[in-house]
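Structure first, then comments.
The values are calculated or read from the model by the stated rules, or taken from the named source; none is laboratory data. In this text, all values refer to a predicted model and were calculated from it rather than measured experimentally. Cβ placement follows ideal geometry from the backbone for every residue including glycine, while neighbour counts extend to all protein chains displayed.
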Amino acid sequence: MEYLKILKREVIPALGCTEPVAVALCCAKAKDELKDSPERVEVFVSKNVFKNGMGVGVPNTGMVGLDIAASIGSIMGNSLKDLKLLEDVTPKILEEAKNFLQSGKVKVKFKETKDKLYIEAILYSKNEYVKVIIKGKHNNIVYVEKNGNIILNNNTEEVALSNKNEVLSVKGIYDFATSIDFKDIAFLIDGAEMNKKIANEGLTKDYGLKVGKTIMENIKKGILGDDINNYAMALTAAASDARMSGATLPVMSSAGSGNQGLTAILPIVAVSEKIGYDKEKLARAIAISHLITYHIKNHLGRLSSVCGCGVAAGIGASCGITYLLGGGYDKIVKAIKNMIANLTGMICDGAKPSCALKLATSASAAVQSALLAMSDIEVSKHDGIIEEDVEKTIANLAKIGTQGMSITDDVILNIMISKC
């Protein structure tokens, strides 16, 4: 079943922000192919990867950025661990990676490429070199070359664009999620538990801006109400606080992003805890959320100038919340239109601690849009980019994010680089 295959492919654990982890993975794969230790490392990344990795914490390092991620991957190898490879960073490996980085032998540069997600790592030892390319998805190794010999070559346009051939629809997603046997999607509960764990980490310790923790403290003081909206904000933001500051806990990602996984799951978890916990209904709601997130990201692209965590995953979460509250397909359509009317245009200016602010905003909007939908309130087709047809409305969102904001990434990146 196509939708189930998508869930199993796109909902996977990741430790750390996926851009630095993907750089570490690319370098690790090259290291695993080398006989000797690397003496020099060159990494070239697309501007979106560069932007998303500049200011984010790397787990088990106490450091930020792509440079340390590249150095660790080049020292450690361990590519078989996929996006969880940073779990195995030891103090000894970290010390070696820091020394290698300080030697000036690790260079990370951005490369002009039409691919939004592109990472190329070249590791040189005394007598060998290995070149590895990741493209399209954070763990999609498409090319491996060693000493001029091509070991793997899936570096084609067809592979890069394979997801475009998947025909999804909101109706198809709803029908699948509400009819599939619970046992087939029960694994989604693992993601809820995983992401709740890192949320609790952010609620109890001081990470980043402490957005989630501060909201929860104000709930306890009685300044904010103890309701589904504020709890959803606190839980989602706290998880981002911890993750963006390098907490060493994995998260269940969604459509290639850990923060998307937090937003796609945690507002739904928050609502389910407040209204009554039912594992089967929770799993179905999360399935809707992940698939709607993926559907929208398929339109926007893996990396975009639009904040996928706040917009795509927020829309997914609102759909899941609507389902939890008893809404059917028609009300889910209303929630999508409400969210697109609200959050379209939220920019992505890289992965960093302040992402927690955007996730809090998205979680709140997800609850608000769901509640409006449950009262049969939806933004009219006469308003802005909203159309009667929900698929056309999603296409309009994508048009804004791709055509309308085509130079936004360049402007954002130039601003960020000018601060360095």
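Brief remarks on what is shown
- Residues (in a loop (DSSP other than H, G, I, E, B), at pLDDT 90 or above and within 20 Å of K297 (Cβ to Cβ)) located in the stretch 243-258: S253, A255
- Selection of first residues in the stretch 241-260 that are of a type in the set (V, I, T) and of second residues that are assigned to a helix (DSSP H, G or I) and surrounded by fewer than 22 Cβ atoms within 10 Å (Cβ to Cβ), restricted to Cβ pairs under 8 Å at least 6 apart or on distinct chains, gives the following pairs, ordered by first then second residue: T248/E87; V251/M194.
- Taken over the stretch 174-208, the residue count meeting the criterion of being outside any helix (DSSP H, G or I) and buried (at least 20 other Cβ atoms within 10 Å of the Cβ) is 2.
- When residues in the stretch 351-378 are screened for being outside any helix (DSSP H, G or I) and surrounded by fewer than 20 Cβ atoms within 10 Å (Cβ to Cβ), 4 of them pass.
- So L83, is it under 24 Å from C309 (Cβ atoms), assigned to a helix (DSSP H, G or I) and in contact with a Ser or Thr (Cβ under 8 Å, 6 or more places away or on another chain): yes
- The stretch 50-64, residues that are in a loop (DSSP other than H, G, I, E, B) and within 20 Å of G256 (Cβ to Cβ): M54, G55, V56, P59
- Enumeration of residues in the stretch 300-332 that are basic (K, R) and in contact with a Leu (Cβ under 6 Å, 6 or more places away or on another chain): R302
- One residue stands out in the stretch 298-344 among those that are surrounded by fewer than 24 Cβ atoms within 10 Å (Cβ to Cβ) and small (G, A, S): the one that is nearest to E388 (Cα to Cα), namely A341.
- A237 being out of contact with any Lys or Arg (no Cβ under 8 Å at 6 or more places or on another chain) and part of a helix (DSSP H, G or I): yes
- Which numbered condition G104 misses (of (1) modelled with pLDDT under 95; (2) part of a loop (DSSP other than H, G, I, E, B); (3) within 23 Å of M54 (Cα to Cα); (4) not charged (D, E, K, R)): (1)
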